[in-house]
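Input: a single structure, listed below in structure tokens.
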Amino acid sequence: MLSLLPNRTFRTADAAVLFLLVAIACTSAAHAFQAPAAGDLGYDIYDIVVNKGVKGPLGFVGGVAAFLFGVSRLFSNIMIGIPTIVAAVCLIKADSILQTFGMVI
């Protein structure tokens, strides 16, 4: 047994309390992602990549193409088909996923 204090042994409850104290000490404030406003640094890049690319027609066509590829591979190789379908759905719903991850809990 590991002894931290005289006549006292280190128990599981002590380890849980120690872990909880370390976890509380290592926490930081949550920061939500917020899209840059017009005129901010990086807005042009964000507008081209996210608004016109991922959320626009290119992202939708890419998502549908990946979904169809995943469905075609689903019957021949399930280990390629399922992740491809999941990635396609994530690409199509990227704006909703981004808002969900940006939510402060």
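The values are calculated or read from the model by the stated rules, or taken from the named source; none is laboratory data. These figures come from a predicted structure and were not determined experimentally. Methodologically, a virtual Cβ is constructed for each residue, glycine included, from the backbone with ideal geometry; neighbour enumeration extends over all protein chains shown.
Quick look at the numbers
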| read-out | value |
| --- | --- |
| Identity of the residue in segment 57-84, β-branched (V, I, T) and under 29 Å from D47 (Cβ atoms), that ends up surrounded by the most Cβ atoms within 10 Å (Cβ to Cβ) | T84 |
| Test: residue in segment 24-36 that is at pLDDT 85 or above, surrounded by fewer than 13 Cβ atoms within 10 Å (Cβ to Cβ), assigned to a loop (DSSP other than H, G, I, E, B) and out of contact with any Ser or Thr (no Cβ under 6 Å at 6 or more places or on another chain) | no |
| Pick from segment 5-21, criterion surrounded by fewer than 10 Cβ atoms within 10 Å (Cβ to Cβ) and hydrophobic (A, V, I, L, M, F, W, C), ranking: modelled with the lowest pLDDT | L5 |
